[in-house]
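Here the structure comes first, spelled out in structure tokens, and everything after it is commentary.
Every number in this text was worked out from the coordinates using simple rules, so none of it is lab data. Note that the coordinates shown come from a computational prediction; the quantities given were computed from them, not determined experimentally. No Cβ is skipped: glycine too gets one built from the backbone with ideal geometry, and neighbour counts run over all protein chains shown.
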Amino acid sequence: MNARLKNKWILITGASSGFGAAAARAFAAEGSRLLLGARRVERLKEVSVAAQAAGAPAAEFHSLDVASTASVKEFVDWARGRTDRVDVLINNAGGAQGLDPIASGKDEDWEAMFQSNVLGILRMTRAVLPLIPHDAGGSILNIGSVAGHTAYEGGAAYCAAKAGELQITRALRLELNGTGIRVGTVDPGLAETEFSLVRFKGDAPRAKSVYEGVKPLTAEDIAEILVWVAGRPAHVNIDELIVKPVDQAAVHKVFRRKF
Ligand code: NDP
Ligand code: 8X3
């Protein structure tokens, strides 16, 4: 257990599944207090129960759609009713929609990806910043992706969105220099969560095939890293961290084994 995280308030967006839900459980095990947001409230309720069982003194949840400024405001007003400080903001909500080449891409997919992965981070950060204490180990951790570093076919809008996340993180790091608020991005490669199921609109066999022959990262791997990053001493800022499965040397270079 890291004493630096005990009783700290951790706000996690996209906490209803994948990295966000695993992060809730991992910070809970450190004795942190949680504010959890996502659109699927029933799933948040399950995560909250699991987090309390894992040791969180508080694991509160509320509906949040980061694609809506009104929803973000409503969520942060709700959070203010529970705490006057947020020690760690984890901007995790997001994902991909479709894998179409630009020639057949759909406006609704492109717009959804920019809403959640780009504008969602801007909205949440603007709304939560006044609650993050200065010079006290506070952090804003954004979830990026290897897709923000390297383009791939069918990924134009998602790669652009995650490249946007990277540049937002860098701009925020500069803007907050001198406040003592830490800013960083954790950028994973292949990780098996609901990510591909969402990308392929519920096509489970297609989603499964993404990880065929690979031992992908797990949600718990990323959660462990988030706990480590947030738990560094207050003067240590992990700016940018890329993490991939050992068999993924690059976005396009994945060694597939016969298990
Ligand atoms: P999941 O699909 O399992 O989780 C995505 C989470 O984001 C869900 O909790 C979902 O909740 C939430 N979410 C999506 N859109 C919104 C929205 N508009 N408002 C609020 N919450 C939203 O996938 P991951 O855990 O893998 O994804 C988490 C983050 O990690 C994403 O930003 C993704 O792009 C990124 N990432 C994923 C990788 C992977 O390979 N899995 C690799 C690199 C980065 P709900 O639907 O209930 O709102
Ligand atoms: C998710 C990883 O490579 O599927 O961000 O885009 S990738």
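So here's what we get for this one:
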quantity: Tensor-based shape of the range 17-156 (alpha-carbon gyration tensor, a/c under 1.5 rounded, otherwise prolate or oblate); calculated: prolate
quantity: Nearest-0.05 FRET efficiency for Met1 and Ser104, computed from C-beta distance (R0 45 Å); calculated: 0.35
quantity: Distance (nanometres) between label positions extended 7 Å along Cα→Cβ at Glu212 and Lys253; calculated: 2.3 nm
quantity: Pairs of Cα atoms farther than 26 Å apart, the chain, %; calculated: 36 percent
quantity: Candidates Glu240, Glu224, Glu111: whichever shows maximal mean-square fluctuation once the chain is modelled as a Gaussian network with Cα springs under 10 Å; calculated: Glu111
quantity: Karplus-derived 3J(HN,Hα), 6.51/-1.76/1.60, for each residue of the range 236-243, Hz, glycine and proline x; calculated: 10, 10, 8, 6, 9, 10, 9, 9
quantity: Difference of contour (0.36 nm per residue) and Cα-Cα distance, Thr69 to Glu194; calculated: 42.5 nm
quantity: Reachable lysines from Lys253, criterion Cα separation under 16 angstrom, eight or more residues apart if same chain; calculated: Lys215, Lys244
quantity: GNM top mover of Arg199, Arg123, Arg182 - the chain, alpha-carbon springs below 10 Å; calculated: Arg199
quantity: Dipole magnitude of the range 9-242, debye to nearest 20 (Cβ charges: Lys/Arg +1, Asp/Glu -1, about Cα centre); calculated: 360 debye
quantity: Candidates Asn91, Asn177, Asn117: whichever shows maximal mean-square fluctuation once the chain is modelled as a Gaussian network with Cα springs under 10 Å; calculated: Asn177
